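Trainee: The structure under discussion is supplied below as structure tokens; questions concerning it will follow.
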Amino acid sequence: MRLHKTYGDIVRVGPSELSVNDPALFHSIHSKSSTFTKGPWYNLMHPVVSLHMIRDHDEHSRRRKIWDKGFSSKALREYEPRVAFYTQQLLKRIVCNGNQTVNVTALFNYYSFDVMGDLAFGRSFNMLRDGAAHKYMKSSHDNMLTATAFSHLVWIFPIVKKIPGLNYGHVQLQKWLTEQNLDHPTPQDEVNLVGDAHLVVVAGSDLTAASITCLFYQLALHPRIMADLQTEIDQFYTKYEHPSHQGLSKLEYLNACIDESLRLYPPVPSGLQRISSPQGCHVGDLFIPGNTVVQIPSYTMYRDAKNFTLPDDFIPERWTTRPELTRDSSIYAPFSIGSYSCVGKQLGLMELRFVTSQILRHFNVSLPNDFDPKQFSDGVKDGLTTVTTDLNLAFTRRDC
């Protein structure tokens, strides 16, 4: 974002690589008729190829159909009781801390990893039950940070993966993923299955945990907004003692708070890498030369005053009663759009809605007296996905 503030909407970040803050290019890249394809970054884990890393459109469509079955409406309804179960475990863990502040960054990671382990691999990591991190959660985080460090040097990553010491987290994570596959054999090619397992770990846990953490940071920072949301949640629970996700998905202010938090802290801050066709292309007055790598940073676009009024402020009403604060809602796509959109979007939203509604139904949430908002904001990093620093919150029981 600082680069764009200094040098403008188009910044050359490599010999043939651009970062572009341009809504028109965003739509051009992600339209069905786009001539852009996935860039070289998607070869990072070669020969392991997850659904997300497939560059061939036809192959992606074939594999996507398999994934879609796991996230159909019917499948999501079957997942719902287990999401509700781990949400209750999360509440019990908060209660166990008594009057002490809670490191919710860790707690929400425990929650999302437990849900992911149960749904994807058939067994929980039991982090909420035990109150301790599983060793493979750290391996997963270390692996992502390494991949981030070399995201602009794709050619060097295969070398790093072979260097003893530097590759320890990667080796441990791949070993564990392979063990899960051996326990649950499928006809799918084993190497790609390891890739899909890794995708589930990252998308099904890290993204969800960071999104919940950032949302509760903003709610604790804005007590009036939290109180308004609690009013909506309380009214909902007077009608439905055991709510369904379908019911929660209709809560307007809850959805607005989630949307606003995802705008401020998009799951993939730097956007998705694409490469232009060999002949290049025109987008309005802009010409992108052939074989040029392009990224459109979501974080920068969503915090640009050209697109959102008061872009750095947490104002859920911009999605409800104050639409004038949103100048171009068409660029808001935290889960991407088109054929490459996030297949697990609805599951992630289910977890966000269950956790937020249940916590705020039972607790008031506040920041410690010595809390420094700038320290937390500065600690939110781009690790391919959004990575948050520790966030300690105080929870006070409500009468409900």
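Trainee: Could you look through region 297-326, keep only residues that are assigned to a loop (DSSP other than H, G, I, E, B) and among the charged types (D, E, K, R), and pick out the one that is nearest to the chain's Cα centre (by Cα)?
Mentor: Taking region 297-326 as the starting set, the residues that turn out to be assigned to a loop (DSSP other than H, G, I, E, B) are 297, 303-307, 309-315, 320-322.
Imposing the further condition that a residue be among the charged types (D, E, K, R) reduces the set to 303-304, 306, 312-313, 322.
On the way: 303: 17, 304: 20, 306: 24, 312: 19, 313: 20, 322: 26 Å.
Across region 297-326, the extreme among qualifying residues is 303.
Trainee: Hey, among 344, 348, which residue is buried (at least 18 other Cβ atoms within 10 Å of the Cβ), among the small types (Gly, Ala, Ser), in contact with a Cys (Cβ under 8 Å, 6 or more places away or on another chain) and farther than 16 Å from residue 104 by Cβ? Give the steps one after another, and end with the answer.
Mentor: Details: 344 fails: in contact with a Cys (Cβ under 8 Å, 6 or more places away or on another chain).
From the options 344, 348, the qualifying one is 348.
Trainee: Check off (1) over 22 Å from residue 87 (Cβ atoms); (2) of a type in the set (A, V, I, L, M); (3) within 22 Å of the chain's Cα centre (by Cα); (4) modelled with pLDDT of 95 or more for residue 337 and give me the number that stays unchecked.
Mentor: Among (1) over 22 Å from residue 87 (Cβ atoms); (2) of a type in the set (A, V, I, L, M); (3) within 22 Å of the chain's Cα centre (by Cα); (4) modelled with pLDDT of 95 or more, residue 337 violates only (4).
Trainee: Right, something else. What are the residues in region 63-100 that are among the polar types (S, T, N, Q), modelled with pLDDT under 95 and closer than 30 Å to residue 377 by Cα, if any?
Mentor: Residues of region 63-100 that are among the polar types (S, T, N, Q), as a first pass: 72-73, 87-89, 97, 99-100.
If we keep only those that are modelled with pLDDT under 95 as well, we get 72-73, 97, 99-100.
97, 99, 100 - these are the residues of region 63-100 that are among the polar types (S, T, N, Q), modelled with pLDDT under 95 and closer than 30 Å to residue 377 by Cα.
Trainee: Hey, another quick one. Does region 49-56 contain any residue that is part of a helix (DSSP H, G or I) and either surrounded by fewer than 19 Cβ atoms within 10 Å (Cβ to Cβ) or β-branched (Val, Ile, Thr) (or both)? Reasoning before the result, please.
Mentor: To start, the set of residues in region 49-56 that are part of a helix (DSSP H, G or I) comprises 51-53.
Remaining after also requiring either surrounded by fewer than 19 Cβ atoms within 10 Å (Cβ to Cβ) or β-branched (Val, Ile, Thr) (or both): none.
No; the residues of region 49-56 include none that is part of a helix (DSSP H, G or I) and either surrounded by fewer than 19 Cβ atoms within 10 Å (Cβ to Cβ) or β-branched (Val, Ile, Thr) (or both).
Trainee: Which numbered condition trips up residue 250, out of (1) surrounded by 14 or more Cβ atoms within 10 Å (Cβ to Cβ); (2) in a loop (DSSP other than H, G, I, E, B)?
Mentor: Of (1) surrounded by 14 or more Cβ atoms within 10 Å (Cβ to Cβ); (2) in a loop (DSSP other than H, G, I, E, B), only one is false for residue 250: (1).
Trainee: Go over the candidates 211, 205 one by one and state the one that is polar (S, T, N, Q), modelled with pLDDT under 95 and part of a helix (DSSP H, G or I).
Mentor: After applying the criteria, what remains is 205.
Trainee: Mind checking which residues of region 32-57 are of a type in the set (Gly, Ala, Ser) and more than 14 Å from residue 281 (Cα to Cα)?
Mentor: So the first thing to find is which residues in region 32-57 are of a type in the set (Gly, Ala, Ser), and the list is 33-34, 39, 50.
39, 50, listed by residue number.
Trainee: Residues that are surrounded by fewer than 20 Cβ atoms within 10 Å (Cβ to Cβ) and among the acidic types (Asp, Glu): does region 94-114 have at least one?
Mentor: The answer is no; no qualifying residue exists.
Trainee: Do we find that residue 364 is in contact (Cβ under 8 Å) with a residue 24 or more places away in the chain, under 24 Å from residue 83 (Cα atoms), under 22 Å from the mean Cα position of the chain (by Cα) and surrounded by fewer than 18 Cβ atoms within 10 Å (Cβ to Cβ) in this structure?
Mentor: Values: in contact (Cβ under 8 Å) with a residue 24 or more places away in the chain: yes; under 24 Å from residue 83 (Cα atoms): yes; under 22 Å from the mean Cα position of the chain (by Cα): no; surrounded by fewer than 18 Cβ atoms within 10 Å (Cβ to Cβ): yes.
Considered against the rule, which asks whether it is in contact (Cβ under 8 Å) with a residue 24 or more places away in the chain, under 24 Å from residue 83 (Cα atoms), under 22 Å from the mean Cα position of the chain (by Cα) and surrounded by fewer than 18 Cβ atoms within 10 Å (Cβ to Cβ), residue 364 comes out as no.
Trainee: Sticking with this one: From the list 142, 114, 196, which residue is under 30 Å from residue 371 (Cβ atoms), at pLDDT 75 or above and part of a helix (DSSP H, G or I)?
Mentor: The conditions single out 114.
Trainee: To continue, here is another question. Among the numbered criteria (1) at pLDDT 95 or above; (2) hydrophobic (A, V, I, L, M, F, W, C); (3) over 13 Å from residue 213 (Cα atoms), which one does residue 384 miss?
Mentor: Exception for residue 384: condition (1).
Trainee: Can you say whether residue 300 is modelled with pLDDT of 95 or more, of a type in the set (Val, Ile, Thr) and closer than 17 Å to residue 5 by Cβ, as far as the supplied structure shows? Let's see the steps before the verdict.
Mentor: Working: modelled with pLDDT of 95 or more: yes; of a type in the set (Val, Ile, Thr): yes; closer than 17 Å to residue 5 by Cβ: yes.
Criteria met by residue 300.
Trainee: Here is a further query. Just to be sure before I move on: is residue 300 without any contact (Cβ under 8 Å) to a residue 40 or more places away in the chain, in contact with a helix residue (DSSP H, G or I) (Cβ under 6 Å, 6 or more places away or on another chain) and among the polar types (S, T, N, Q) in the structure I sent?
Mentor: Values: without any contact (Cβ under 8 Å) to a residue 40 or more places away in the chain: no; in contact with a helix residue (DSSP H, G or I) (Cβ under 6 Å, 6 or more places away or on another chain): yes; among the polar types (S, T, N, Q): yes.
No.
Trainee: Now a separate question. Among the residues of region 64-123, which ones are touching a residue at least 40 places away in the same chain (Cβ under 8 Å), of a type in the set (Phe, Trp, Tyr) and closer than 14 Å to residue 359 by Cα?
Mentor: The answer is 86, 108, 111.
Trainee: What are the residues in region 331-379 that are under 30 Å from residue 60 (Cβ atoms) and not in a helix (DSSP H, G or I), if any?
Mentor: 332, 333, 334, 335, 336, 337, 341, 342, 343, 344
The values are calculated or read from the model by the stated rules, or taken from the named source; none is laboratory data. The structure displayed is predicted, hence computed values, not measured ones. All Cβ positions, even for glycine, are placed from backbone atoms using ideal geometry, and neighbour counts span all protein chains on display.
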